[in-house]
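Trainee: I have a structure here, written as structure tokens, and I will follow up with some questions on it.
The values are calculated or read from the model by the stated rules, or taken from the named source; none is laboratory data. Here the structure is a predicted model, which is why all the values come from computation and not from measurement. Please note: Cβ atoms are built from the backbone with ideal geometry, for glycine as well, and neighbour counts cover all protein chains shown. Note: accessible area is taken over every heavy atom of the protein model, side chains too, but ligands, DNA and RNA are not part of it. Shrake-Rupley method; radii C 1.70, N 1.55, O 1.52, S 1.80 Å.
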Amino acid sequence: MNLDRLTEVVFVPGMTGREEMIRAKIIEMLPEGVEPFVDDLGNVVLEVGNGDSSIAFAAHMDEIGLLVTGVNSDGSLSFKKVGGIADELLVGRHLDVITSSGESIDGVIGMTPPHLREKTDLSWQNQVIDVGTSSKEETASLGIEVLDYAVFRKQISILNDKYVAVRSLDDRSGCLALLDLLDMLMETDLDRRIVLAWTVQEEIGLIGARALSERLKPNLFFPVDSFACCSRLTGHVRPGNGPVLRMSDTSSLGDYGLGKRLMEFSRERDIPLQVGVTGGGTDGIPFQQKGTKMVPLAMAVKYLHSETEHISMEDYDNLVRLMFLISTEFTV
């Protein structure tokens, strides 16, 4: 894993529905001469190779965030949560408020000190974003408007030289995996078509992938996403034990036969691979509903949808290697 490249994609804000900045960054990071197609929703799609069969990989660009819904008389910002954010994560957090011009404004969500507190209520409806202003007019002078958004302030931590922890690894690590895969494929003579897609609005219902499934008809589809661990439901799946076949989640079941083939394929090539069950859903669901065989490829992510999401750097390298071998050797 190249941490500099990871930092490039992680630190660009891009809440669901507002992916314009991360989309521009991903296009900027494409190899020279590669011209992607951007559809009307903002999905980025490209194809390499030639042949009758096709394999598609997709990762979503959007991250969870807070949509500004109003500016209060004291200058503070009301908001709603976009994507799965636990209320207890909000209080006492530093935020980047992103204006319509793309400027980042510092903001915080404060809390009543324990010295003054009569009861604890952490529900998001009772929280506001403080940007250091005292009136609507002063907030407006900063360029902040309704429908701007905020994301958690990001900091990368390297844990024990094995793990990287930072907000929005879900799914910027998947976005980077597609970029790294593309670099490898550009040096390869392919006998099939490989489709790579960076999608929008996954966190609120797989909106971008649903649109893509109406147009793309690959033989096999692999969403590249996160696997929320580590709980009773997810069993022994842990960061550091290899990438994960996400064979079941809240909304889908990966294709059993394809999953078994992938397990044997990985074993023959000495790629560690975990198999697990978790919650949530992936961009593979609408493709599966259209009749395409699908198995999500994932990395085990500890503390998913928090500021401290963390993955194994070795898992990432093994995931990219597996994706490359699927692209070049796996029987379609």
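Trainee: Could you list, ordered by first residue, the pairs with Cβ atoms under 8 Å in which the first is in segment 28-51 and touching a residue at least 40 places away in the same chain (Cβ under 8 Å) and on the phi < 0 side of the Ramachandran plot and the second is open to solvent by less than 100 Å² (accessible area, probe 1.4 Å) and among the acidic types (Asp, Glu), at least 6 apart or interchain?
Mentor: Between residues of segment 28-51 that are touching a residue at least 40 places away in the same chain (Cβ under 8 Å) and on the phi < 0 side of the Ramachandran plot and residues that are open to solvent by less than 100 Å² (accessible area, probe 1.4 Å) and among the acidic types (Asp, Glu), the close pairs are Met29/Glu8; Pro31/Asp183; Val45/Asp39.
Trainee: May I pose another question? Would you pick out the residues in segment 63-97 that are open to solvent by 10 Å² or more (accessible area, probe 1.4 Å), under 18 Å from Val12 (Cα atoms) and modelled with pLDDT of 95 or more?
Mentor: Answer for segment 63-97, where residues must be open to solvent by 10 Å² or more (accessible area, probe 1.4 Å), under 18 Å from Val12 (Cα atoms) and modelled with pLDDT of 95 or more: Leu67, Val82, His94, Asp96.
Trainee: Here's another thing I want to ask about it. Would you confirm whether any residue within segment 223-230 is closer than 16 Å to Ile55 by Cβ, of a type outside the set (A, V, I, L, M), touching a helix residue (DSSP H, G or I) at 6+ places or on another chain (Cβ under 9 Å) and surrounded by 22 or more Cβ atoms within 10 Å (Cβ to Cβ)? Walk me through how you get there before you give the answer.
Mentor: Of the residues in segment 223-230, the ones closer than 16 Å to Ile55 by Cβ are 223-224.
If we keep only those that are of a type outside the set (A, V, I, L, M) too, we end up with 223.
Going one step further and asking which of them are touching a helix residue (DSSP H, G or I) at 6+ places or on another chain (Cβ under 9 Å), we end up with 223.
Going one step further and asking which of them are surrounded by 22 or more Cβ atoms within 10 Å (Cβ to Cβ), we end up with 223.
Within segment 223-230, one or more residues are closer than 16 Å to Ile55 by Cβ, of a type outside the set (A, V, I, L, M), touching a helix residue (DSSP H, G or I) at 6+ places or on another chain (Cβ under 9 Å) and surrounded by 22 or more Cβ atoms within 10 Å (Cβ to Cβ).
Trainee: Take the residues in segment 115-125 that are in contact (Cβ under 8 Å) with a residue 12 or more places away in the chain and either in a loop (DSSP other than H, G, I, E, B) or in contact with a Gly (Cβ under 8 Å, 6 or more places away or on another chain) (or both), then tell me which one is least open to solvent (accessible area, probe 1.4 Å).
Mentor: Kept after step one, since they are in contact (Cβ under 8 Å) with a residue 12 or more places away in the chain, are these residues of segment 115-125: 122-124.
Within this subset, residues satisfying the condition of being either in a loop (DSSP other than H, G, I, E, B) or in contact with a Gly (Cβ under 8 Å, 6 or more places away or on another chain) (or both) are 122-123.
Working: Leu122: 73, Ser123: 29 Å².
Looking at residues that are in contact (Cβ under 8 Å) with a residue 12 or more places away in the chain and either in a loop (DSSP other than H, G, I, E, B) or in contact with a Gly (Cβ under 8 Å, 6 or more places away or on another chain) (or both), I get Ser123.
Trainee: Is it the case that Arg172 is of a type outside the set (S, T, N, Q) and more than 24 Å from Val97 (Cα to Cα)? Please lay out each step first, then the result.
Mentor: Working: of a type outside the set (S, T, N, Q): yes; more than 24 Å from Val97 (Cα to Cα): no.
For Arg172, the condition - of a type outside the set (S, T, N, Q) and more than 24 Å from Val97 (Cα to Cα) - is not met.
Trainee: Here's another thing I want to ask about it. Do you know which residues across segment 273-312 are over 21 Å from Ser231 (Cα atoms), touching a residue at least 12 places away in the same chain (Cβ under 8 Å) and not aromatic (Phe, Trp, Tyr)?
Mentor: Filtering segment 273-312 for residues over 21 Å from Ser231 (Cα atoms) gives 283-295.
This time we only want the ones that are touching a residue at least 12 places away in the same chain (Cβ under 8 Å), so: 283-290, 292-295.
Across segment 273-312, the qualifying residues are Asp283, Gly284, Ile285, Pro286, Gln288, Gln289, Lys290, Thr292, Lys293, Met294, Val295.
Trainee: With respect to Gly83, determine if the residue is in contact (Cβ under 8 Å) with a residue 24 or more places away in the chain and within 19 Å of Lys136 (Cα to Cα). Let's see the steps before the verdict.
Mentor: Working: in contact (Cβ under 8 Å) with a residue 24 or more places away in the chain: yes; within 19 Å of Lys136 (Cα to Cα): no.
Considered against the rule, which asks whether it is in contact (Cβ under 8 Å) with a residue 24 or more places away in the chain and within 19 Å of Lys136 (Cα to Cα), Gly83 comes out as no.
Trainee: Let me ask you something else. Give me a count of the residues in segment 158-195 that are modelled with pLDDT of 95 or more, open to solvent by less than 20 Å² (accessible area, probe 1.4 Å) and in a helix (DSSP H, G or I).
Mentor: Residues that pass the stated criteria total 12.
Trainee: Just checking, how many residues over segment 126-152 are modelled with pLDDT of 95 or more and open to solvent by 70 Å² or more (accessible area, probe 1.4 Å)?
Mentor: 9
Trainee: For segment 186-204, which residues satisfy the criterion of being more than 11 Å from Val44 (Cα to Cα) and not β-branched (Val, Ile, Thr)? Outline the logic, then answer.
Mentor: To start, the set of residues in segment 186-204 that are more than 11 Å from Val44 (Cα to Cα) comprises 186-194, 201-204.
Met186, Glu187, Asp189, Leu190, Asp191, Arg192, Arg193, Gln201, Glu202, Glu203, listed by residue number.
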